[in-house]
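The values are calculated or read from the model by the stated rules, or taken from the named source; none is laboratory data. Here the structure is a predicted model, which is why all the values come from computation and not from measurement. So basically every Cβ, Gly included, is an ideal-geometry build from the backbone, and we count neighbours across all protein chains shown.
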Amino acid sequence: MNAYDYDLFVIGGGSGGVRASRMAAAAGARVAIAEEHAFGGTCVIRGCIPKKLFVYASHYMEDFEDAGGFGWTVPRPKFDWNVLVANKNKEIGRLEGLYRENVSKAGVEIVMERAEFADPHTILLKKSGRTVTAKHILIATGGRPSRNTGDCSGAEHAITSNEAFYLDKLPRRVMVAGGGYIAVEFANIFHGLGAEVTLVYRRDKILRGFDEDMRDCLTEAMTKKGIRIVTNRVFKRLDKRGDELFALTDHGEMLEADAVMLAIGRVPNTDGLGLDKAGVEIGERGEVKVDDFSKSNVDHIYAIGDVTDRIQLTPVAIHEAMAFVKTVFEGKPTPVDHRLVPSAVFSQPEIGTVGLTEAAALAAGHSIDVYTSRFRPLKHTLSGRQERSFFKMIVDAVTGQVLGCHIFGADAAEMIQVVAVAMKMGATKADFDATVALHPSAAEELVTMRSKSYSKAPAH
Ligand code: NDP
């Protein structure tokens, strides 16, 4: 007789929770997963997937413009926001169904209600009032957009990315607060769809933490397109009058818009989860504190994905899920590997990045050789678009190992994924040089940057 109802109870049906539940079931465990809204989590329902669909939608504006140089006459394009939202909703619904079906097919029991800890091994299911017990519990409850604007009054009038996916109509004027992934991506999306966009960021340059050249390239490109970037400002007050919003900045300016979107980070979903009843420790931002194996301070309770506030990316949550299952259910203790995680900003054009920035490489004590290439993409020789791509490779001057690669330009996300494989294998600049180029492509720049642009040594 089993001492517990389940070997594993997973709280949260997002990318991490779903993967962990399926793999654990495949390893022979008796598994249940609770989800209070919809399967797929942030990524599928209100994140990566709908965002990328919106990015595609918003890019058509430039595609229509570019077509002229290739001989096409395009009648004045007209955009219908409601068609985009409806089609997106349909696709998200389909994906949600697939996620649910795959969980079910794997033999995992689905519990469609909120789950909270009653004690370290007991879960209370809120809707039904049932309690169940589990030998292991995995917290995979993700995160949510932060609304912590400090002392800005009227912030409740602002939307976040959650609402941006479901607006009744496309706002004519949008103000986006923040300078990270979401702010930049949505500023580009709204602009591409035809809105007048102002991005308001609290420091002096967007995308803090990214390589300086990437930050500069994107700032320039967005500004050239007509996206207004207002730096060193935060909102102090938001007033709503009729359909209009008036934002007072800390410098006393009054900015007007039809929608204000907060993209000021995401916070872990641990509120009301009963973690205190299970004795699970959380950190300053409410994140579940875990070790390299995603184990909390309680031996049988683990946490993965955004709720741990390590790297907030879907593939990282999935990687953590797999490492967790190997460790707990397959007898192969596997720490998570957060090295060389590639990521992309789906701006227009995109940024793709993996490894160290120039500043981080120097800070880590590397003497570096830097290879760069700035060029006009072939397509734009006929389209006439004044857009430049920028490739940058940071190489350890002593070992020749590629420490970081940063790409600004169309398809940067696609390229950087493959560069990440080479870097994970320890590729050196000589390996890139020894690879024959594929012509004509943008990616060939990666293997043809022969002479270094400059070298730098770390400050002592
Ligand atoms: P980020 O952490 O990327 O950026 C948050 C931004 O908000 C920063 O510019 C930050 O400024 C600013 N900020 C924070 N607090 C305040 C405040 N109180 N007032 C004004 N500005 C503030 O978070 P996002 O919300 O953009 O995205 C969350 C996470 O989701 C990302 O870190 C990323 O991991 C993931 N994501 C990934 C995507 C992708 O892979 N393409 C797309 C979307 C999200 P400062 O720089 O000063 O800290």
Region 243-274, residues that are surrounded by fewer than 20 Cβ atoms within 10 Å (Cβ to Cβ) and within 16 Å of the ligand (Cβ to nearest atom): Leu248, Thr249, Asp250, His251, Glu253, Leu255, Gly265, Val267
The condition from (1) more than 20 Å from Val230 (Cα to Cα); (2) crowded, with 23+ Cβ neighbours inside 10 Å that Phe190 misses is numbered (1)
Which residues, taken from region 34-49, are among the small types (Gly, Ala, Ser), crowded, with 23+ Cβ neighbours inside 10 Å and more than 14 Å from the ligand (Cβ to nearest atom)? Ala34, Gly40
Search result, residues across region 168-177 that are within 21 Å of Asn232 (Cα to Cα) and either surrounded by fewer than 24 Cβ atoms within 10 Å (Cβ to Cβ) or modelled with pLDDT under 95 (or both): Arg173
From the set of residues in region 275-320 that are β-branched (Val, Ile, Thr) and away from the ligand (no atom under 16 Å from the Cβ), which is surrounded by the fewest Cβ atoms within 10 Å (Cβ to Cβ)? Val298
Filter region 176-217 down to residues that are out of contact with any helix residue (DSSP H, G or I) (no Cβ under 8 Å at 6 or more places or on another chain) and of a type in the set (Ser, Thr, Tyr) and give me whichever is farthest from the ligand (Cβ to nearest atom). Thr198
For residues in region 125-143 being surrounded by fewer than 18 Cβ atoms within 10 Å (Cβ to Cβ) and in contact with a strand residue (DSSP E or B) (Cβ under 6 Å, 6 or more places away or on another chain), which is farthest from Leu313 (Cα to Cα)? Thr131
Restricting the first residue to region 284-306 and requiring it to be under 14 Å from Glu320 (Cβ atoms) and modelled with pLDDT of 95 or more, which pairs with a second residue that is buried (at least 24 other Cβ atoms within 10 Å of the Cβ) and of a type in the set (Phe, Trp, Tyr) meet a Cβ separation below 6 Å and a spacing of at least six or different chains? Ser294/Tyr302; Ser294/Phe324; Lys295/Tyr302; Tyr302/Phe324; Ile304/Phe324
So which residues in region 237-255 are part of a strand (DSSP E or B) and either within 27 Å of the chain's Cα centre (by Cα) or not basic (Lys, Arg) (or both)? Leu238, Asp239, Glu244, Leu245, Phe246, Ala247, Leu248, Thr249, Met254, Leu255
Filter region 334-359 for residues that are more than 15 Å from the ligand (Cβ to nearest atom) and of a type in the set (Asp, Glu); the one that is surrounded by the most Cβ atoms within 10 Å (Cβ to Cβ) is Glu358
Selected residue [surrounded by fewer than 21 Cβ atoms within 10 Å (Cβ to Cβ), in contact with a His (Cβ under 9 Å, 6 or more places away or on another chain) and in contact (Cβ under 8 Å) with a residue 60 or more places away in the chain] from Tyr60, Tyr4: Tyr4
Checked region 65-108 for anything of a type in the set (Ser, Thr, Tyr) and under 21 Å from Leu53 (Cβ atoms); matches are Tyr99
Can you spot a residue in region 217-229 that is part of a loop (DSSP other than H, G, I, E, B), more than 24 Å from Ala412 (Cβ to Cβ) and not hydrophobic (A, V, I, L, M, F, W, C)? no
Here the qualifying pairs (Cβ atoms under 8 Å; residues six or more apart or on different chains; first in region 162-186 and under 10 Å from Asp258 (Cβ atoms); second more than 12 Å from the ligand (Cβ to nearest atom) and of a type in the set (S, T, N, Q)) come out as Lys169/Asn82; Arg173/Thr198; Val174/Thr198; Met175/Thr198
Restricting to region 422-445, and then to whatever is of a type in the set (A, V, I, L, M, F, W, C) and in contact with a helix residue (DSSP H, G or I) (Cβ under 6 Å, 6 or more places away or on another chain), can you tell me which residue is farthest from Phe375 (Cα to Cα)? Phe432
